[in-house]
1. Output needed for the protein assembly as shown: three equivalent-ellipsoid semi-axes, defined as square roots of 5 times the C-alpha gyration tensor eigenvalues, in descending order, whole Å.
2. Assuming 0.692 mPa s and 37 °C, estimate D for segment A:1-73 with Stokes-Einstein, Rh taken as the Kirkwood radius over Cα pairs, in µm²/s.
3. Could you tell me the largest-minus-smallest coordinate of the C-alpha atoms of segment B:11-63 on each of the three principal axes, in descending order and whole angstroms?
4. Any chance you could get the radius of gyration and Dmax over the Cα atoms of chain B, in Å?
5. Round to the nearest 10 and give me the degree value, 0 to 90, for the angle of helix B:147-162's Cα axis relative to the longest principal axis of chain B.
6. Spin-label point model (7 Å from Cα, Cβ direction): what's the A:D116 to B:L209 distance in nm?
7. Which whole-percent values make up P(r) of segment B:225-338 when all C-alpha to C-alpha distances are grouped in 10 Å steps starting at zero?
8. Using a 10 angstrom Cβ neighbour count of at most 16 plus a DSSP loop assignment to flag exposed GluC sites (Glu not before Pro), which longest range of chain B is free of such sites?
Amino acid sequence: MLHGLPEPIPDLDTQPFWDGCKERRFLVPHCEVCDTPRWPPGPCCPNCQSQATKWLEAEPRGSVYSWIVVTHSVHQATHNQVPYIAALVELGSGIRVIGNIVECDPADMAAGMPVDLIFEQTESGAFLPNFRPST
Amino acid sequence: MIDYTLRKRAAIVGIGQTAYSKNSGRTELALACEAIGSALNDAGIRPDEVDGVVRYDMDAIDEARLTSHFGFKNLSWMSETSYGGTGGNAVVVHAAAAIAAGVANTIVCYRALNERSGRRYGQATTWVSDGAGAARAFQAPWGVLTPAQRFAFFARRHMIEYGTTSRQFGAVAVAMRRHAMRNPHAMMQAPMTIDDHQESRMIVDPLRLFDCCIESDGACALVVTRADRARDCHHRPAWILGAAQGSGTKADGIIFREDLATAESVSTAANVYRSAGVRPEDIDAVMIYDHFTPFVIMSLEAYGFCGRGEGGPFVEGGRIEFDGELPVNTHGGNLSEAYIHGLPHVVEAVRQLRGTSTSQVKNAEVILSCSSVAQLSAAVILARD
């Protein structure tokens, strides 16, 4: 996990997600009416405009859609933490989320690579979802 | 629904620019006033005649300051365009629409920024405190902090789906540099080969240093006016044939779009061609918002100059150089002339139509200028008489 970066910024629309992380659960908002998942979390269904929301837990695994390897640090906190991998991971719920891929050599990254969800605790006590290659 | 009421109702009649540098030593207000004054002089239009202003929402200088410090009086049309580099063409779309609607006669568009000596877009601190909105909140804690990092996800996906290579990105950088070296106004004057590109340091894999636009201080401006007035200016008018903006879906935060290998601007392309009544084969040169080299490749696909996924091979072998089959960014672009947020692309399109580019395309009659294939997009087609 990356240390010293900006902490998550919860608001009324995203608080349930961060609360879920504390219990090591990845909660995805879905529309109560048409079941469409939303990411990033928001108050309104982009498919039917309903604001009725249910939070469903995603399966703790996914696959890599795209990724970057940050080699040039642009934040004071990451000067000693490059290179690091950030990936867009497709979860079974039909959404794509950002996470760092840990315990992985950048040279081993590949499209479609299966990854497992993990949770890591930041300095402030928040829990961040990340991923590592499936074993 | 697009109709044709914009066609040749307005023209760009004035262009102005300041020096481009790493440290202007001047305020953005001073830069804006100089560029606007220079564009009005170029047109032969007095400041008192200007009744409209269209600005980028990211510009620090607004119309109120221009009434106080430049001396605009009784403006009757003021609007702004969103999402960064989209603005370079979007300001022209707004100006053309306002003139066609009869709510303004003569409009100034501008962009002024000390982006190198002031607030640098390549630095994380510029963005992490920006908006607690969901998209940023769901990127920054994982170290996705800058435009280069966001746009690298698109570059990777294009490589995955189509086999596009870093050397093909390099062909774009080399073409832009060749044009910059012919343009005394451009900041980057050192020769570049594809090997130089390959040896430049990795910033965020797959993007190298030479895949990224430069950071600059400076300003430029345009004067847009209605058809009858345009015929009475100093230079041959650059007629606005067509203009369009587009959003695509899921634009917030950029990287959560549904398909990162396909340009979002496909619908903008269809609309701009339809509104102008021309086709890709009618275009003599293209100005493309080149914040990062892969987006030149993706734009060429989106605007119909090659098939989807064929942009990588298309840019090889000098095809996009000024003496090639489809000249692109004959001023040197964001990559090698200066990063004034895409407005110099429109300035250069006007120069091509006047016949005054430093990399002049023979018989340039119709030019497409287009911006941003990942965030929002905008495009204009300009033509001479």
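Each value in this text was obtained by applying a stated rule to the coordinates, not by laboratory testing. As the structure is a prediction and not an experimental result, all values here were calculated from the model. Cβ: placed from backbone, ideal geometry, glycine included. Neighbour counts: every protein chain shown.
1. Computed over the protein assembly as shown, the values are 40, 25, 22 Å.
2. 231 µm²/s
3. Taking the Cα atoms of segment B:11-63, the three principal extents are 31, 22, 18 Å.
4. 19.2, 56
5. Helix B:147-162 and the main axis of chain B meet at about 60 degrees.
6. 4.1 nm
7. The percentages, shortest bin first, are 12, 38, 34, 13, 3.
8. In chain B, the maximal stretch lacking such sites is B:1-257.
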